[in-house]
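The values are calculated or read from the model by the stated rules, or taken from the named source; none is laboratory data. Here the structure is a predicted model, which means the values were calculated and not measured. Methodologically, a virtual Cβ is constructed for each residue, glycine included, from the backbone with ideal geometry; neighbour enumeration extends over all protein chains shown. Calculation scope for accessible area: heavy atoms of the full protein, side chains included, ligands and nucleic acids excluded. Shrake-Rupley method; radii C 1.70, N 1.55, O 1.52, S 1.80 Å.
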Amino acid sequence: MRFRTSSAARTLLVTASFALVLAAPAAFAKPMLFPPLPNGRQETREEFDVAPYLSAWKAARLAHERATAQPATLNQQQYDAHWYDLNLTFTQAGSQVAGTVRMKASVVSGPISVVELNFYANMVMDAATSAGGATTWSRVGNLLTLNLDRAYATGELVDVTLTYHGNPTAAGYFVFQTVNGRPLIWSLSEAYGARSWWPCKDIPEDKADSVDIHFTTASTQTVASNGRFVSRVPSGGTATTHWHEGYPIATYLVSIAAYPYTVTDDWYRPTPTDSMLIRFYNYPESAAGAAPVQAKVKNMMAAFATRFGEYPFITEKYGHAQFQYGGGMEHQTITGLGTFNESVVAHELAHQWWGDLVTCRDFHHIWLNEGFASYGEALWWEATAGVAAYKADLNASRYTGPGTVWVPDETDESRIFDGNLSYNKGSWVLHMLRHVLGDAAFFASLQQYHTTWGYQSAVTEDFRDVCESVSGRDLDAFFQQWIYGEFFPVYRPTWAAVAAGGGGWDVTLQLEQTQSGQLFHMPVDVTLTTAAGETTFVIHDSLATQTFVLHVNDAPTLLEIDKDDWILKSVETTVSNPTFERGVLLVNGVDWATYGTEITSAYTDHAFSGPYTVDFWDAFATPAGGYPAALPAPLGHGEVPPDVLGHYRNVIWVGNNFGGDLAAWQETPVLSYLRVGGNLLLMTRQGESFLDDSLRTYLGINWTNTGATLFDCLATRPGLANVTTLGSQTLCAVFDTVRTTPESELLFRVSSGFSPTRGIGAVRVPAGGGTFRPSGARLAFLSGRPYRWNHTQLQNDVSAILANWFLEPVNPTAVGDAPIARGLALSPARPNPSSGATTLGFALPRAEHARLTLLDVTGRRVRTLVDGAFEAGEHVASWDGRDERGGRAPAGLYWARLEAGGESAVRRLVRIR
């Protein structure tokens, strides 16, 4: 957020900010309709915004896995698996697998006389050996205990085989199906699914040193799997394909994809004389469409190798195998793909480093996989399209809602694969760390992490320790606050500049952190602009209130806090001395190009404003086809500056969190506006991102579900109507119907799909109002996509909220100095400035008691000009320049405040000699 020395300058800067925040996504990210989610619905999103799509598919997959999940047994902790040899035959008819798996393992804590393996209960064991001799086994649930031929001491090597058959599809990890009239076989085993189709020590942190894979399928099928291709041997109507994975690999990354694929090759060249195969296995119908993005993979690989260290499986290959899965799966050296979005392709490739090379030791630290891969998307856009594209990608993944990046509950699959926390906020942690360390130390840390923890499993503290070792910095506070803590800093800067005795200017900056909860310890960029240009200082902020003195050579005109957005933050500006002489400001936060007639028809139907005459502000640029005729010309674009907000008693904000409107909301001083007495109605999906912890607490609600789908909207107060949906109400936040303050009322609830019912609409009416308006400071919220609520019903409810809770009469209002035709009004002082007498006109909408007082800049009453009963209509009061005692008031700034009927209006006066 920016601070200038004049309101005109601030207004100019709003436009510049809008260009910075929103131009980048418009230039680099196009809206696209993503393929269906697991529940069948489809979402239009920016092409950058892939985390909700990828995370939904992984969460759905993990939900199926819960039946097979088991912690490592004591026996499994006593041995280390080194090598597996899978020799398996797959038969489409009956969905069968049959064959033998051999394992070699060393004893790390002997003696042991059995080995325990994970193997799904429905699979049938036929035979087993230990050291080449037949042996016996027993089974309890999904755990198989194999008797060894003798007791093995620490350091000895165990060699066992298991022969079996069965249907591997029962657990949902393995699929036989027909696609485009051709048979397809595929697996996706993350995180506990390998055991559903082959017996193994299915514990992600125990990576086998190598795996040999012999898969026999119909000869019409081409088999893609891990590592290096060795051979393909046809035999009648079948063929056996041998792959060898020579690098350590987690069991869940072992995969098969078999289909009559169209196979195309490309090459990654790490040096002018070396090359590595990139092989793509696509459906024949998809090959041409996938080719443009797949042609970029070698460049993606080069970009990541420069930043992360060399591709970790450089002696083998990389590739894609298309399968019937909505997202992607980072099988080692052979990503499974169900869509060819460029960001998805970059995300899955980044997983080869972060997920395959280094694997999170448990799901508490899943951000080490998903946050890193999400950050890889931004790095790819930076490499291919520059810094603006990098920022655009991060802007699309900005998350400021509740929850920790660290996953507290490993049994909650939707929490593990939370697109906001594990993916998006995780990527922002790396973005912030990059600036804390500087590019050189940051990328050196990633490469050292590659070296130190490559082919192993790690937790957050392992990554932290590497970064500390490389940078020489103590990073405990950084990781504690961003991984284990919630939310983000809200900065409130105030500053003043004075000429320094020795030349130049000293700037005193007071920086407050106003968020509830933890304080953040962060280096903060402070940029001062003078006639000579910009100077950026780095201050180390860690307190609730901290003062810094900065020095520049010329008079500063602008101070910016973290202008390049290196911190996940909000900067709070202050609505100072509001006049509240206007009625309603309507703010649009829905992208015109993406939502088309959905949003234009809602404005045409006055769904968001009812009978009220409004002024209009647009978070987006002017639409190509112009605005609906029902809307007045916008007063501005982007964030709403404080000097504009201060004119309005009420703001209606139509949000959506798509394309940049959330950034405009976060840069608008919403909380300050409420505190001084403004009323605000917010209607949006993803309310948890708009109502940060301070605003959520202010409203008096606690979220219970985010990313929810709403099927109804039931009114709970007289004067409000139930609202029906016009389309899918997805990605919505709901809250507990028990509020946290008695000043809050439940307005709407949702019942369908929720037990108990949840709140989706509330309003708070603070007893004391705001500092400048006793009847104000009221916040209302309605969850959902506002353009997909029935327009007529929503119009009724918006009107009711404005009239009954915000106490706003239906008045035509506009910005300017003309008095309001109906309603409370205080006209500008005339003359102003003045050294003698000055007059103020005021208007009352009805006969009532009115008081007109003059206040100095400290808020102390200087003079009461009017205090009595008046008829409705226009009236005039005058001030002779004297205080209550008859003395001459000193020169300076004064405020005239009119109070009547529970409302107030304010005007500024300047007294001169």
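Quick rundown of the values:
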item	result
Answer from A388, A373 - the residue that is at pLDDT below 95 and of a type in the set (G, A, S)	A388
Criterion: more than 25 Å from P402 (Cβ to Cβ), at pLDDT 95 or above, open to solvent by less than 10 Å² (accessible area, probe 1.4 Å) and of a type in the set (A, V, I, L, M, F, W, C) - qualifying residue of V723, V763	V723
Tally, over region 520-541, of residues that are in contact with a helix residue (DSSP H, G or I) (Cβ under 8 Å, 6 or more places away or on another chain), farther than 14 Å from D564 by Cα and open to solvent by less than 50 Å² (accessible area, probe 1.4 Å)	2
Residue within region 345-361 that is open to solvent by 10 Å² or more (accessible area, probe 1.4 Å), of a type in the set (A, V, I, L, M) and modelled with pLDDT of 95 or more present	no
Residue list for region 739-776, restricted to those being touching a Gly at 6+ places or on another chain (Cβ under 9 Å), more than 23 Å from V651 (Cβ to Cβ) and assigned to a loop (DSSP other than H, G, I, E, B)	T740, P742
Residue within region 112-123 that is assigned to a loop (DSSP other than H, G, I, E, B) and over 47 Å from the mean Cα position of the chain (by Cα) present	no
Among residues of region 435-459, those that are open to solvent by 10 Å² or more (accessible area, probe 1.4 Å), free of Cβ contacts under 8 Å to residues at least 40 places away in the same chain and outside any loop (DSSP other than H, G, I, E, B), counted	7
Any strands (runs of 3 or more DSSP E) falling wholly within region 226-301 and containing at least 3 residues that are surrounded by 14 or more Cβ atoms within 10 Å (Cβ to Cβ) and of a type in the set (A, V, I, L, M)	274-282
Some residue of region 156-166 being open to solvent by 10 Å² or more (accessible area, probe 1.4 Å), assigned by TED's automatic domain parsing to the domain that holds W83, touching a helix residue (DSSP H, G or I) at 6+ places or on another chain (Cβ under 6 Å) and at pLDDT 95 or above	no
Complete set of residues in region 93-131 that are under 23 Å from T240 (Cβ atoms) and open to solvent by 60 Å² or more (accessible area, probe 1.4 Å)	A93, Q96, R102, K104, V124, D126
Answer from D615, D605, D591 - the residue that is more than 13 Å from I652 (Cβ to Cβ), assigned by TED's automatic domain parsing to the domain that holds S799 and crowded, with 20+ Cβ neighbours inside 10 Å	D591
Number of the exception - T600 against (1) assigned to a loop (DSSP other than H, G, I, E, B); (2) open to solvent by 10 Å² or more (accessible area, probe 1.4 Å)	(1)
Matching entry among V175, V160 (being in contact with a Lys or Arg (Cβ under 8 Å, 6 or more places away or on another chain) and assigned to a strand (DSSP E or B))	V160
Residue tally, condition at pLDDT 90 or above and either open to solvent by 10 Å² or more (accessible area, probe 1.4 Å) or under 27 Å from the mean Cα position of the chain (by Cα) (or both), over region 650-665	11
Residue ID - surrounded by the most Cβ atoms within 10 Å (Cβ to Cβ), chosen from residues in region 184-220 that are among the polar types (S, T, N, Q) and in a loop (DSSP other than H, G, I, E, B)	S189
Filter result for the condition that a residue is touching a Lys or Arg at 6+ places or on another chain (Cβ under 7 Å), of a type in the set (G, A, S) and farther than 24 Å from N282 by Cα, over A250, A191	A250
Failed item in (1) crowded, with 24+ Cβ neighbours inside 10 Å; (2) in contact with a helix residue (DSSP H, G or I) (Cβ under 6 Å, 6 or more places away or on another chain), with S689 passing the rest	(1)
Flag if A69 is modelled with pLDDT under 95, over 15 Å from G326 (Cα atoms), open to solvent by 20 Å² or more (accessible area, probe 1.4 Å) and not in a helix (DSSP H, G or I)	yes
So K298, is it touching a residue at least 24 places away in the same chain (Cβ under 8 Å), basic (K, R) and within 28 Å of Q177 (Cα to Cα)	no
P756 without any contact (Cβ under 8 Å) to a residue 40 or more places away in the chain, open to solvent by less than 30 Å² (accessible area, probe 1.4 Å) and in the same structural domain as Y595 (by TED's automatic domain parsing)	no
Test set (1) closer than 28 Å to R582 by Cβ; (2) open to solvent by less than 10 Å² (accessible area, probe 1.4 Å) - I701 fails condition number	(1)
Filtered residues of region 554-588 (kept if over 26 Å from F772 (Cβ atoms) and assigned to a loop (DSSP other than H, G, I, E, B))	D554, A555, P556, T557, D562, K563, D564, D565, W566, I567, L568, K569
In region 132-155, the residues that are under 45 Å from the mean Cα position of the chain (by Cα), surrounded by 16 or more Cβ atoms within 10 Å (Cβ to Cβ) and in a strand (DSSP E or B)	L143, L144
Residue check for G700: farther than 24 Å from P611 by Cα, free of Cβ contacts under 8 Å to residues at least 60 places away in the same chain and not assigned by TED's automatic domain parsing to the domain that holds A388	no
Test for E382: is it out of contact with any Phe, Trp or Tyr (no Cβ under 9 Å at 6 or more places or on another chain) and at pLDDT 95 or above	no
